[in-house]
Each structure stands twice: as C-alpha cells, then as structure tokens.
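Data block below; observations after.
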Amino acid sequence: MDGSQGNRQGSYFYPANMQGNQTWDNFYPTVNPVPPLPIGYHVPMNILTPGYYLHGSHLQDFQYFVVIDFEATCDKEKVPKPQEIIEFPSVVVNSRTGQLEDSFQTYVRPVCHPILTDFCKDLTGIRQNQVDQGVSLSRALLMHDGWLEGNGIKHTNFAVVTWSNWDCRVMLESECKFKKISKPPYFNRWIDLKVPFQQVFQGMRCNLQQAVQHVGLTWEGRAHCGLDDARNTARLLAHFLYCGFKFSITSWIDGQPAAIDATTISSRYDNYLHHWFYNERYTYCFCGVLSTKCQVRKPGPNHGRFFFGCGIWSATRRSCCRYFEWV
C-alpha cells in the first residue's frame, strides 16, 4: 500500500480539505452570543473568532508543530519484549493560526510479535489484517518524512510534540536501535506537552484524555487510537497557543543538545499565563478575544473604577460587541 493513493481506502494521508477542513470555525464552533465568563476562567475554545490571529503567535520559535502518538504491541499481563510500533500517526498544527492543517497515518507491521494479542486489539482498535498489510518501521519513517517534505514543512523550523516522553525517548528510540534503523534527526528533540500543562496547572498529573477535558475541551474519537490521540493532543496544543503560551523544547535524546533551552520560559509569558489561568485580572469578550481593561473617566459615582470591555475597539468603529464587566 502506498501513501500516494489519495482518498481511496487504505490511504495514509488525510489532507485538511478531506477532513471537513478543520478550521477554528468548524473545529471549535463559534457560539454567539455567550454570557460573560467568570473572571479568571480559562479560555473556552468554543467562542474563538474564526481566523483570529493567535495571542503571541508571532513570538513562537516554531512555524509548525508535528504532533505524534504511536501505538505499540502490548498485552495485559506482560509487556512484549521488544515492543514494536504498530500505528504511526502525525498531525500538523500551524503555530500562527492554531489550525490542524493535515494528518498522516500508516499501520506498521510488527516482526518480533507479528500476532496482536486480544488485549492489544481491544485497547487500540487495530485489527490483525491492518498490521499484516502494514509497512516496515523504516518504510513508515521514510513515508512520514516524504509527507513532511511534500507539505513544505520538513525544511521549516518545526518541533515534534508528544504527550509524555514515551513516544520518542522510549518507543521509537529503542525500536530503531534494536532493528538498526536510522531515524530523522528531528525525532531527537521534542516538546512533551505534559511539561507546560503541569507548569500551568501547578503540577497536576493526569492522562491525555483528562488533560483535554480539564481545559474545557470535549474528547473526540477513540482513546488509544493513535490518530485520534494525536488530534486531541493537537487540540490541547492549540488551546495553549490561543492562550499565548510560548513553547520551547522540553526533551531530547542524550548527546543531541536542544537548539532552544528546554526549561526556560520567559518571565513575561510565565506571568502572562499565570494571570490568564489563575488571577482575577482578565476576561474574554463576546468576540472571543482578550478583553480591554478600561477606567471610567466621566465624573460621577463610578469615576475611577476599572472595567472590562470589548477587546476589538477603535475610536471610529467603537466596540464590536457589548461585553461589559466591572473589574
């Protein structure tokens, strides 16, 4: 089976225009009007203005994020040794728009344990005939690399994103070493989305599905389906992008130094996030953007008081919505 098969059954490629064009408008449907949000509440993704330029997106170090979530051979009682990747999914997120632009998927044929256990099939939803007709891991890596190049991403500044270090540090690294497979160097450094999540939510420990739901998103698809997991990870990433979080590399393979400091987040953005998620200092107007903090200058009983108003305001057009809340 070849990835060039387009939209036919068995295709490995899922262009955005064949996925319902998952823009902000239909990926997070706009709700209008909405009631004022409680002060200090996290940004609800279902009130984003379609096509709105993300807060701080021009300050991201990466043009794209490539989100992966491998599925591997497994069993209930004992982990097979060696474990082998059986599903190789990937989702591209544009750092400027937060849009999930394209996705890739292929099934990988295991060699050491070619017959999937019943537990593995029930957990992942992967059928035996899917891996039997799958490709080798080396072929999957080449296909994925060609897909990135074909989409004009391979030679841009992009970062691999995972939920936990298992995908790149444990699974891919160990299988490539065991099978003596050369992998692209961009898999040697990545962003573990657990790290910023725990920074924002004060060390909260949870699985991916709980994290997605914790920020107010609805889980979509089947848990432990690699492509669905990658898409939900991408949606969580987009949530942080919208909130103005500046990402940097968190993890890398020993001997492969990260080009960007893995632990440093500028104090400006650290404070920015702290205000957005914890303090009673910011709200979001009906337009779905960060509101503007204003002061009453007209003489009277409210003179000098501060309030939140529409975040899209100009002297000629005034405000775009009637959002109002006292600070």
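Annotations
- Selection status of LYS177, charged (D, E, K, R) and over 29 Å from GLY244 (Cα atoms): yes
- THR124 touching a residue at least 24 places away in the same chain (Cβ under 8 Å), surrounded by fewer than 13 Cβ atoms within 10 Å (Cβ to Cβ) and either over 20 Å from ARG231 (Cα atoms) or among the hydroxyl-bearing types (Ser, Thr, Tyr) (or both): no
- Scanning the stretch 209-233 for residues that are over 19 Å from ILE126 (Cβ atoms) and either outside the structural domain of LEU100 (by TED's automatic domain parsing) or among the polar types (S, T, N, Q) (or both) turns up GLN210, GLN213, THR218.
- Qualifying residue in the stretch 144-163 (condition: over 22 Å from GLN63 (Cβ atoms) and in the same structural domain as ARG222 (by TED's automatic domain parsing)): no
- Condition check for VAL131: in contact (Cβ under 8 Å) with a residue 60 or more places away in the chain and in contact with a strand residue (DSSP E or B) (Cβ under 6 Å, 6 or more places away or on another chain): no
- Boolean, ASP75 is assigned to a loop (DSSP other than H, G, I, E, B), within 30 Å of ASN188 (Cβ to Cβ) and either charged (D, E, K, R) or modelled with pLDDT under 95 (or both): yes
- GLN198 vs. criteria in the same structural domain as GLN63 (by TED's automatic domain parsing), over 17 Å from PRO89 (Cα atoms) and touching a Lys or Arg at 6+ places or on another chain (Cβ under 9 Å): yes
- Condition check for TYR107 on (1) out of contact with any Gly (no Cβ under 6 Å at 6 or more places or on another chain); (2) farther than 27 Å from SER248 by Cα; (3) outside any loop (DSSP other than H, G, I, E, B): one failure, at (1).
- Test result for VAL195, among the β-branched types (Val, Ile, Thr), in a helix (DSSP H, G or I) and surrounded by fewer than 15 Cβ atoms within 10 Å (Cβ to Cβ): no
- Only residues that are touching an Asp or Glu at 6+ places or on another chain (Cβ under 9 Å) and either more than 19 Å from LEU172 (Cβ to Cβ) or in a helix (DSSP H, G or I) (or both) were counted across the stretch 126-151, and they come to 6.
- Single residue of the stretch 198-229 satisfying the filter (assigned to a helix (DSSP H, G or I) and free of Cβ contacts under 8 Å to residues at least 24 places away in the same chain) that is surrounded by the most Cβ atoms within 10 Å (Cβ to Cβ): ASP228
- So ARG96, is it surrounded by fewer than 17 Cβ atoms within 10 Å (Cβ to Cβ) and modelled with pLDDT of 95 or more: no
The values are calculated or read from the model by the stated rules, or taken from the named source; none is laboratory data. The shown structure was predicted, so the numbers you read here are calculated from the model rather than taken from an experiment. Neighbour counts are summed over all protein chains in view; Cβ atoms, including those assigned to glycine, are modelled from backbone coordinates with ideal geometry.
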